[in-house]
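Report on one structure; see the data block that follows.
The values are calculated or read from the model by the stated rules, or taken from the named source; none is laboratory data. Everything numeric here is computed off the predicted structure, so don't read it as measured data. Reconstructed Cβ throughout: ideal geometry from the backbone, glycine too, with neighbour counts over all protein chains shown. Side chains included, ligands, DNA and RNA excluded: accessible areas come from the protein's heavy atoms. Shrake-Rupley method; radii C 1.70, N 1.55, O 1.52, S 1.80 Å.
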Amino acid sequence: QVQLVESGGGLVQAGGSLRLACTASGRSFAEYPMGWARQAPGKERDAVAVIAWHSGDFYYSDSVKGRATISRDNNKNAVYLQMDMLKSEDTARYYCVAIPKGGWNIAAYEYWGQGIQVTVSS
């Protein structure tokens, strides 16, 4: 059974930082894009960041560009998201995702984690 398990979420003050981590099990994603999506209350899921298997190509949504850094460790089957200068509008459930079904800016993926809550207090 394939699982993507997120960690690192929680409550953080506006202007602060956090690092989300995701470890996959059940299959290797070393040759596929992985990333993060999020869903804020009352809104649709949005793609946040995606990284190519070779870590040489990236996508960041306009809402996090310049404040987020995605990375991965293929040996650990893991992907990470460092977010800085957090804003209240970053409050959402964040999902680890793998293998985009279409464009990287579209929140459609073959695999999803259960998600982890990030709450930014202002």
* Considering segment 37-53 alone, what residues qualify as being open to solvent by less than 60 Å² (accessible area, probe 1.4 Å) and either closer than 15 Å to residue 102 by Cα or among the charged types (D, E, K, R) (or both)? -> 37, 38, 47, 48, 49, 50, 51, 52
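Every residue, every condition in (1) of a type outside the set (A, V, I, L, M, F, W, C); (2) closer than 18 Å to residue 22 by Cβ, yes or no:
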position: 38; (1), (2): yes, yes
position: 47; (1), (2): no, yes
position: 53; (1), (2): no, yes
position: 56; (1), (2): yes, no
position: 61; (1), (2): yes, yes
position: 66; (1), (2): yes, no
position: 70; (1), (2): no, yes
position: 74; (1), (2): yes, yes
position: 114; (1), (2): yes, yes
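What about residue 27, is it under 20 Å from residue 2 (Cα atoms) and among the charged types (D, E, K, R)?
Yes, satisfied.
The rows are residues; the columns are (1) out of contact with any Pro (no Cβ under 8 Å at 6 or more places or on another chain); (2) surrounded by 14 or more Cβ atoms within 10 Å (Cβ to Cβ).
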| residue | (1), (2) |
| --- | --- |
| 10 | yes, no |
| 13 | yes, no |
| 35 | no, yes |
| 56 | yes, no |
| 59 | yes, yes |
| 87 | yes, yes |
| 97 | yes, yes |
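Residue-wise test of (1) in contact (Cβ under 8 Å) with a residue 60 or more places away in the chain; (2) open to solvent by 10 Å² or more (accessible area, probe 1.4 Å); (3) assigned to a strand (DSSP E or B).
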| position | (1), (2), (3) |
| --- | --- |
| 29 | yes, no, no |
| 64 | no, no, no |
| 80 | yes, yes, yes |
| 119 | yes, yes, yes |
* To do: Could you check residue 39 against (1) at pLDDT 95 or above; (2) out of contact with any Gly (no Cβ under 9 Å at 6 or more places or on another chain); (3) among the polar types (S, T, N, Q) and say which number it fails?
  => (2)
